[in-house]
Amino acid sequence: MSYTWSKSIDNASGAYGLDGGGATYNPTDLHADRGLSNFSRKHNFRASGIYDLPLKANGVVGQIIGGWQLTGGYTYLSGSPFSAGTIANRVHNSLGANAARPDAAVGCDLYTGYRQLHGIWFNPNCFAPAPFGTYGNAGRDTIIGPNLWNLDSSLSKDWKVPTISEQFRIQFRAEAFNVLNHTSFQNPNATVFNANLATANPAIPTSGVSPNGSVGRITATNSQPRQIQLALKFLF
């Protein structure tokens with residue numbers, strides 16, 4: 001059994017976009033990118049065990065019911081952090097900056113009650129479009145996605161075949177992956193605002209912007225459905 005409680009902070013988690021790198025968010029303020037690493041996980045718990053089933057008998061019955069072994073492995077991992085997104089082209093980015101993030105509402109609760117009432121992962125009302133020409137003040141990787149947990153198990157039995165060799169054994173294995181058929185989800189859609197077809201007016205900060213109807217919705221999984229496989233091994 002092992003458990004790790006951790007927190008990792010950086011201003012870029014890798015050299016490329018897929019591993020957390022990419023252009024600087026605000027070229028005039030590098031501190032704006034300081035936040036949780038994209039690989040930061042608060043809780044990481046692993047447990048595994050082997051149990052010899054206490055079934056014993058003599059003769060043929062003993063060959064059938066004896067020697068069974070049950071194993072299991074459980075994993076729990078906290079969700080990965082991600083950033084709230086917004087529309088592009090509202091801030092000058094010729095220096096290689098990413099599209100601006102939105103402004104964050106002070107004291108707004110991202111999670112409490114919102115998932116149950118609205119069926120989406122976080123409260124998009126905690127964000128507002130940043131005024132034209134400004135970089136939104138919402139931090140990098142401030143939203144935590146769904147956690148992941150999984151249980152794998154196997155049942156196995158060995159038969160010794162001394163008539164062939166003292167070391168020759170036949171092993172039967174029944175293995176189940178994601179035995180509880182639990183679904184672990186990927187992070188939801190993080191784009192809070194989309195570009196509106198209406199003409200953007202710098203005098204009206206919210207013009208040219210419309211809420212994204214898919215924000216906060218989860219559309220993909222990290223897990224595979226339950227899989228069971230049977231195997232027969234010869235060991236010598």
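The values are calculated or read from the model by the stated rules, or taken from the named source; none is laboratory data. Because the structure is a prediction, the values reported are computed rather than measured. With ideal geometry, Cβ positions are generated from the backbone for all residues, glycine too; neighbour counts draw on all protein chains shown.
Within 30 Å of Phe45 (Cβ to Cβ) and either surrounded by fewer than 17 Cβ atoms within 10 Å (Cβ to Cβ) or touching a residue at least 40 places away in the same chain (Cβ under 8 Å) (or both): does that describe Phe177? Give the derivation first.
Values: within 30 Å of Phe45 (Cβ to Cβ): yes; either surrounded by fewer than 17 Cβ atoms within 10 Å (Cβ to Cβ) or touching a residue at least 40 places away in the same chain (Cβ under 8 Å) (or both): yes.
Yes; evaluated as a whole, the condition is true for this residue.
Tell me, please, whether a residue that is within 30 Å of Gly113 (Cα to Cα) and at pLDDT 80 or above can be found in region 194-207. Lay out the reasoning, then the answer.
Residues of region 194-207 that are within 30 Å of Gly113 (Cα to Cα), as a first pass: 194-196, 205-207.
From what's left, at pLDDT 80 or above: 194.
Yes - at least one qualifying residue is present in region 194-207.
Among the hydroxyl-bearing types (Ser, Thr, Tyr), surrounded by 14 or more Cβ atoms within 10 Å (Cβ to Cβ) and in contact (Cβ under 8 Å) with a residue 60 or more places away in the chain - does that describe any residue in region 214-231?
For region 214-231, residues among the hydroxyl-bearing types (Ser, Thr, Tyr), surrounded by 14 or more Cβ atoms within 10 Å (Cβ to Cβ) and in contact (Cβ under 8 Å) with a residue 60 or more places away in the chain: present.
So Arg101 fits all but one of (1) at pLDDT 90 or above; (2) not in a strand (DSSP E or B); what number is the exception?
With (1) at pLDDT 90 or above; (2) not in a strand (DSSP E or B) applied to Arg101, the lone miss is (1).
Out of the residues in region 55-72 that are surrounded by 15 or more Cβ atoms within 10 Å (Cβ to Cβ) and not β-branched (Val, Ile, Thr), state the one that is modelled with the lowest pLDDT.
The first filter runs over region 55-72 and keeps only residues surrounded by 15 or more Cβ atoms within 10 Å (Cβ to Cβ), leaving 66-69, 71-72.
Checking the rest, the ones that are also not β-branched (Val, Ile, Thr) come to 66-69, 72.
Working: Gly66: 78, Gly67: 82, Trp68: 90, Gln69: 92, Gly72: 96.
This residue is Gly66.
Name the residues in region 159-181 that are under 12 Å from Gly73 (Cβ atoms) and either over 28 Å from the mean Cα position of the chain (by Cα) or not polar (S, T, N, Q) (or both), would you? So that I can check it myself, show each step before the final result.
We begin by selecting, within region 159-181, every residue under 12 Å from Gly73 (Cβ atoms); these are 175-179.
Within region 159-181, Glu175, Ala176, Phe177, Val179 meet the criteria.
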